[in-house]
Every structure is written in structure tokens, then in C-alpha cells.
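The values are calculated or read from the model by the stated rules, or taken from the named source; none is laboratory data. Keep in mind that this is a model prediction, so the values were computed, not measured. Neighbour counts are summed over all protein chains in view; Cβ atoms, including those assigned to glycine, are modelled from backbone coordinates with ideal geometry. Protein only, heavy atoms only, side chains kept; ligands, DNA and RNA dropped before computing areas. Shrake-Rupley method; radii C 1.70, N 1.55, O 1.52, S 1.80 Å.
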Amino acid sequence: MTGAEKNRDRALAAAGEELAALLHHTDAEVLLALLDNPSLEETQLCMLLERKNLPAEILEEVARRKPLLKSYRVKKALAFHPRTPRLVTLRLLRDLYLMDLVQITLLPGIPTELKRNAEDQLVSRLPQLPLGQKITLARRGPARLAGALLAEGHAQIVSIVLDNAYLTEAQVLRVLSREKLPPVVVRTISLHRKWSISYNVRLALVRHPLSPLATVLAYLPELTVSDLRELASPGIVSESLRKYLQAEVQRRIRAGEKSSGKDDASGPSAPSNQD
């Protein structure tokens with residue numbers, strides 16, 4: 001019997017400390033034999049799956065064995081392992097608990113496709129979630145999930161989700177691009193200490209039909225003339241607001257003309273006639 005065969009036989013029958021030592025073996029054949037060992041427990045299997053250098057074939061074999069996947073801890077360990085095949089991970093994401101999915105989306109180094117799928121899973125579950133879980137997700141969820149929660153417009157969530165560190169300007173703008181929104185969403189964004197000072201968010205608020213007129217008028221002096229002219233084009237904002245935009249454009253033009261006239265009138269200073 002060769003040394004490799006002896007090691008496989010050991011792995012099939014080992015128990016206790018010997019089994020624990022074999023979890024760190026470098027030979028894939030030994031590790032595969034361990035999976036057939038009746039003494040291998042869930043805790044020991046999860047310890048094996050914590051090895052970042054674990055051969056992909058071991059991960060694939062664990063994923064093929066349905067009895068092993070009855071354990072949630074094993075499913076989670078497989079889903080989080082960087083060497084687990086992509087298709088296996090995609091399949092496992094459907095079974096992960098809510099906050100484990102959130103963790104997947106926030107981990108560095110996770111492929112974009114997997115993060116996107118995990119976000120899809122989270123967004124699809126939102127309608128069935130109780131308020132308490134939504135509040136937790138509003139605080140800690142990834143950008144897409146935060147955007148979806150913001151668009152829902154729950155009065156107890158909007159302020160919380162706007163403070164989410166992962167929420168991006170792109171998600172806020174995507175929400176404001178929807179004409180049908182709970183009024184509390186637009187109002188709270190317009191008052192928020194961070195988002196209300198973003199130029200692009202202000203542009204989106206000026207466009208939005210639910211924005212308070214006083215807020216919109218306060219923004220106009222800070223917008224560029226080119227943006228004011230674009231917003232004043234027919235069909236973008238209400239006719240009443242168009243008049244304010246056009247008036248602001250004319251005010252800027254007159255102010256520019258006056259400034260130019262003063263510069264011309266001042267001219268270069270005349271030389272003195274002193275001896």
C-alpha cells in the first residue's frame with residue numbers, strides 16, 4: 001500500500017484529534033476521503049471550508065452532496081468562499097439569510113455578477129419584510145437596496161436611508177427620476193444636509209413636480225444659465241415654473257450686461273499731468 005493510499009484510509013476512519021489534524025492536509029485526495037468519513041461533523045466541515053487555499057474540487061464536491069447542504073452553516077461557508085465556482089455560489093445565494101446577503105454585497109473582491117445577484121435577491125424580498133428589518137437595511141444595506149428603500153417612501157425610513165454611508169448620488173438621482181413618489185421623499189431630500197447641497201440633486205429637485213416651490217426658487221440663482229435654459233424648454237417643468245426660470249435667465253443676462261458696461265466705462269486710468 002502506498003503512502004497516499006494509507007493517508008486516504010486514515011482520512012476515512014480518523015476521529016478526534018487525528019481527524020482535526022487531517023483538516024489541514026494538503027492532498028486533495030485525503031480531503032475528499034474526509035468527506036466520506038462518518039465521524040466528520042458540521043463544525044469540522046465548516047473549519048475545512050474556512051481554508052482560503054482549499055482546492056476548488058473539494059468545494060465542488062461539497063456542493064454536490066445534498067446531505068451536506070442541509071446545514072445552513074455549510075451553505076454559508078460555501079457561498080462566502082472565494083474559490084467556490086460562480087454557478088454554485090449563484091445557486092446558494094437564494095438560500096442565504098437577509099443579513100448574510102447584505103454582507104456578500106459589501107465584501108471586497110466579490111465578483112460584480114455575484115454582488116448584483118445578491119442585491120436582486122434583497123430587493124425582491126423587500127415587499128415581504130417587516131418594518132424593523134427594513135430599518136436595519138436602511139442603515140446598513142448596499143446602494144441599490146438603499147435606493148429601493150428610499151423609493152418606497154416609508155416615513156420612518158426615508159431620513160435613515162439618506163444617512164446610509166453606501167447610498168450614492170446615482171441612486172438618489174434614480175429615485176428622483178420617478179415622477180410618482182411619496183411627497184415625503186422629495187421633501188426630505190431637499191432638506192437633507194448632504195444631498196440638498198449636491199448640484200445634480202438640486203437639478204433633479206427643480207425638475208421634480210413634487211418639489212416645494214420655495215425650495216426650487218432658492219436653488220435657481222445657483223444654477224448655470226445653460227441648465228436654466230434647458231430646464232425652461234417646453235415640457236420639462238410646469239408652465240408656472242418655466243416663467244420663473246425664464247425670468248432668472250433674463251436677470252442673469254441683464255446682470256452680465258451691466259457688469260460688462262461698467263468694465264468698459266472704467267477703462268485704463270488717464271496719466272497724471274504732474275510736473
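Some observations on this one:
- Selection of first residues in region 105-129 that are closer than 15 Å to residue 147 by Cβ and of second residues that are open to solvent by 60 Å² or more (accessible area, probe 1.4 Å) and in a loop (DSSP other than H, G, I, E, B), restricted to Cβ pairs under 7 Å at least 6 apart or on distinct chains, gives an empty result.
- Region 214-227, residues that are of a type in the set (A, V, I, L, M, F, W, C), in contact (Cβ under 8 Å) with a residue 24 or more places away in the chain and more than 21 Å from residue 174 (Cα to Cα): 217, 220, 225
- Helices (runs of 4 or more DSSP H) fully within region 91-171 that include at least 1 residues being over 21 Å from residue 183 (Cβ atoms), touching a helix residue (DSSP H, G or I) at 6+ places or on another chain (Cβ under 8 Å) and open to solvent by 30 Å² or more (accessible area, probe 1.4 Å): 98-106, 112-125, 131-140, 143-152.
- Conditions (1) part of a loop (DSSP other than H, G, I, E, B); (2) under 22 Å from residue 11 (Cα atoms); number of the one not met by residue 60: (1)
- Matching entry among 21, 77 (being over 21 Å from residue 109 (Cβ atoms) and aliphatic (A, V, I, L, M)): 21
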